[in-house]
Structures are given as structure tokens and as C-alpha cells.
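To keep things clear, I will list the structure first and then write my remarks on it.
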Amino acid sequence: MPEPRELADARQCLARAEAEYRSPDALAPLAEGLALLDDVIAAGSAQHAKTARNLASTYASRIFGWIKTLIETDRAVPEPELEHFFKMVLAFDQVAGELPKSAEALKIGVVRQLIDRYYEGHPAEKKQQALRELEQLSGRD
């Protein structure tokens, strides 16, 4: 049984997003590729749905890994790039693929760094309040 066209198109979109993952231009092909995978998962054969889930998981692992490495090794990632990374990791929530075990921790790590940037020059108690709210949202009170 030949693969559906959506899988081939998704692979192209995801490859483009992977190649440009640090660029804001990567978000559109990522979202498009993930939407195509989600369509295959929802309406494709069991075999094609499994392939789509595996593709989503593979790209999530790679992209999440690169972002994780960047935010752990470079504390000076610019705010616009952090915002972009947050959008990238959130995009994977739209598809029914398995996310890396570190997905939630990565999202929280990106938001922590964003809070650091957003609250520069503000009173320390405001920043601490934002961090407490993040902890509450993440279920880590």
C-alpha cells in the first residue's frame, strides 16, 4: 500500500523546519507538517498512522534536544529567539505523537528564561511572583 501524499508532504515540511529551526521562518512549515501528520493519524490506515506518530516523535526529539542544549549552554539566548522556541515546542502539542519525556521540563525552562528577560529591571518580588505562578501552572508547587 503506497504512502499517502500527506506523509511525503509532511516530511518535506518537517525537514525544512528542522533545517531552519532557529529561524522564525521554521514555524510555518513545522505547523503545516504536524497538521499533515495529525490528518494521517486521524484518517489513515493503522500502518500510516503509526508512521506519522513516529515521524512526529522523531522530529520532536531532535528539535527539543537542540533547543534544550541551547538554553542550557547559552544563558544569553535573545528574548525573540526564546519566544520562537516556545512556539516551536508548543506546535508539537497539536499532533498525537509521543513527546520526549523532557518536553514539559523544556517548556518550563524556556518560560523561566523568558521571565528572566521580561522582568529585568523590575522589582525582584514581581519576578518571584511570576516564577511562583509558573510553578503553580506546571503543577510543581
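Bear in mind that the values in this text are calculations on the coordinates, not laboratory data. Note that this is a predicted model, so its numbers are computed, not measured. Every residue, glycine as well, gets a Cβ built from its backbone with ideal geometry; the counts of neighbours run over all protein chains shown.
Odds and ends about this structure:
- Where the Cα pairs of segment 5-137 fall when distances are cut into 10 Å bins, in %: 13, 39, 29, 14, 4, 0
- Only lysine pairs 8 or more places apart or on separate chains count here, and in the chain those with Cα atoms under 16 Å apart total 4.
- The chain: relative contact order as a whole-number percent, Cα under 8 Å and 6+ apart: 21 percent
- Packing-based ranking, highest mean first, of 132-138, 78-84 given that Cβ atoms within 10 Å are counted: 78-84, 132-138
- For segment 31-91, the share of alpha carbon pairs falling in successive 5 Å distance bins from zero is 4, 17, 22, 19, 13, 11, 8, 5, 2, 0 percent.
- Computed [θ] at 222 nm, deg cm²/dmol, the chain (DSSP H ≥ 4; -39,500 (n - 2.57); rounded to nearest 500): -24500 deg cm²/dmol
- Cβ-defined net charge surrounding R16, 15 Å radius [Lys, Arg +1; Asp, Glu -1]: -2
- Kyte-Doolittle mean at least -0.5, axial Cα span of 27 Å or more - DSSP H helices of the chain: 46-73
- Stretchable slack from R62 to E135, in nm (0.36 nm times residue separation minus alpha-carbon distance): 23.7 nm
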